[in-house]
Structures are given as C-alpha cells and as structure tokens.
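Below is one structure; the comments refer to it alone.
The values are calculated or read from the model by the stated rules, or taken from the named source; none is laboratory data. This structure is a prediction, so every number in the text was calculated from the model and none was measured. Positions of Cβ are generated from backbone atoms using ideal geometry, with glycine treated the same way; all protein chains shown enter the neighbour counts. These area figures cover heavy atoms from the full protein model, side chains too; ligands, DNA and RNA do not enter into them. Shrake-Rupley method; radii C 1.70, N 1.55, O 1.52, S 1.80 Å.
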Amino acid sequence: MSEKWQWLRHGLHTLVELFFPKKCVSCNRRLVNEDHVCTHCMLQLPRTFFHLNPENQLVQRFWSESNMEQATGYFYYSKEAPFRYILYELKYYGNQSLAHYMGTCIVSHIGKEHAFWKGIDCIVPIPLSKERLKKRGYNQCEAIAQGISQESGIPMNTNILLRVVDNPTQTRLKKLARWENSKDIFMANPTYDFQGKHLLLLDDVVTTGSTLISCIRAIHRKYPNCHISVMALSVVPQL
Ligand SMILES: [Zn+2]
C-alpha cells in the first residue's frame, strides 16, 4: 500500500474513532488502545484461578463422570456485576469478535506453557441448536474456542459432538438441570474415532454443569477410553 493510501486509511480510521468511539462492553467507558474491555474492568474481573486447584468447585460438578481429567473457568458469573454484559454481548448482540478475544484472554491468563494444556488433542465447543444458531447468527462457544485455538495452537473440532435435539423447550431445559433425559440431547459423531484422545469441552457459562454432563456422557458412550477436560468462560459460583 502506498504512503498516500496509508495516510488516507489512517485519517478515515481517526474520523470513525471520533464519531463512533469504542466503548468498554462492561462499564461503557471509552477505550484507549484497548480491545473490547477496558484495563480497569480487566483488572477487576473476578478470576477463578481454578487451573491452580485440581479439586476446584467446577471439577467437583463432574466427579460423577469417568475419565474426567480437569476443569477450569475464567471468571465468576454474577447477575449483579457489570461483567455480565460481556456474556450478554456474546449471547444477545452477536459480538463474535469479543468472543474470540475472550478466548485469547483465557490462554493468556492460564499461560501457554501451563500443565493444563498438556496432552489435549482438540477443543470441542458445545454445539448450539439449529434454531438458536439461526437466531444468533453464530455459536459463541465456537468463537471462544477459535480464540483459544489460535493462542494455544490446539486445534478445534466442531464435528465430534452433535446436537440431536434441536429445540429443547425451557421446561425441558429445567428437566435437564435435574439430570433427566440428558442423554438424548447430544451424540458423538459415529464417523470419527477418538478412542484414547483427550478432548477439551468448551462452554460459555456453566451453572449446574448439566449440559456439559450430557456432552461428556454422549462422548463416553461412543468412546469409553476418551479423556475429557472442561473449560468455561464464566462459572456461576456454587453456593
Ligand atoms: Zn470497563
């Protein structure tokens, strides 16, 4: 690109910034050389540090499952805290770029060389129902997983886990939370062979963990020797 075009591009960028300044998705402050979330909010983010505790409260939600390796989440979810807007942006405003960015933040936070990543063969985002995918325009778990994959170098695979029930009603989801009928929602793709592999399941927000348990059980039904770890962007603290 010639110097003239570079100056023109820089000028246009400055004008756009002047009239449409980027704001922090959490506190709405104007961003200065920051991406999506301001430095102040990033410092205030209530990180779980679960990766430093192999018996953390998230992994305890999956102790009933065999071949479960480890589990971590980036930050605690709270309905009252401004950080909830990060998740609202992903779920309701289609902010794919933010989802990808948060994925890269998880890797930076844990550290690329941390033992958590050792032995993981691929990252598997939780699939969305077709209806939600159509409504939202993208799968936020997949976008977060892309960010993690880019930073960690671990490949992402969206074909291992399939959603076989497209449109569970709210009532049905409540039933799921009570651990009922969960085996029918997901299935492992029969055309793959992941025996003995180590998969990292990626979810955006974990509450009871019932959705993830449905996934873990679906994978273990097909690949009993498959090792599974869990990662979440946000975790609802257990009371
Ligand atoms: Zn902020």
Of all residues making up the stretch 1-27, the number that are modelled with pLDDT of 90 or more and over 20 Å from Q96 (Cβ atoms) | 1
Determine which single condition A81 fails, assuming it passes every other condition in (1) surrounded by 17 or more Cβ atoms within 10 Å (Cβ to Cβ); (2) within 15 Å of the ligand (Cβ to nearest atom); (3) hydrophobic (A, V, I, L, M, F, W, C).
-> (1)
Being open to solvent by less than 50 Å² (accessible area, probe 1.4 Å) and at pLDDT below 90, is that true of even one residue in the stretch 211-220?
-> no
Take the residues of the stretch 132-151 that are in contact with a strand residue (DSSP E or B) (Cβ under 8 Å, 6 or more places away or on another chain) and assigned to a helix (DSSP H, G or I): which is surrounded by the most Cβ atoms within 10 Å (Cβ to Cβ)?
-> I144
Starting from residues that are open to solvent by less than 50 Å² (accessible area, probe 1.4 Å) and in a helix (DSSP H, G or I), keep the ones in the stretch 35-78 and report whichever is farthest from the ligand (Cβ to nearest atom).
-> V59
Does the stretch 185-215 hold any residues that are assigned to a helix (DSSP H, G or I) and either under 18 Å from M156 (Cβ atoms) or among the acidic types (D, E) (or both), and which are they?
-> L212, C215
How many residues, within the stretch 84-107, are surrounded by fewer than 16 Cβ atoms within 10 Å (Cβ to Cβ) and within 22 Å of S149 (Cβ to Cβ)?
-> 2
State yes or no: is K197 modelled with pLDDT of 90 or more, of a type in the set (K, R) and open to solvent by 60 Å² or more (accessible area, probe 1.4 Å)?
-> yes
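Being in a loop (DSSP other than H, G, I, E, B) and under 23 Å from S152 (Cβ atoms) is the filter here; which residues of the stretch 84-131 pass it?
Narrowing the stretch 84-131 to residues in a loop (DSSP other than H, G, I, E, B): 93-95, 111-114, 118-121, 126-129.
Matches in the stretch 84-131: N95, G111, K112, E113, H114, K118, G119, I120, D121, I126, P127, L128.
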Residue count, the stretch 23-34, condition more than 8 Å from the ligand (Cβ to nearest atom) and in contact with a Leu (Cβ under 9 Å, 6 or more places away or on another chain), comes to 1
So which residues in the stretch 61-82 are among the hydrophobic types (A, V, I, L, M, F, W, C) and either closer than 20 Å to H51 by Cα or in contact (Cβ under 8 Å) with a residue 60 or more places away in the chain (or both), if there are any at all?
-> F62, W63, M68, A71, F75
Look through the stretch 33-80, keep the residues that are over 26 Å from L98 (Cβ atoms) and of a type in the set (F, W, Y), and return whichever of them is nearest to the chain's Cα centre (by Cα).
-> F62
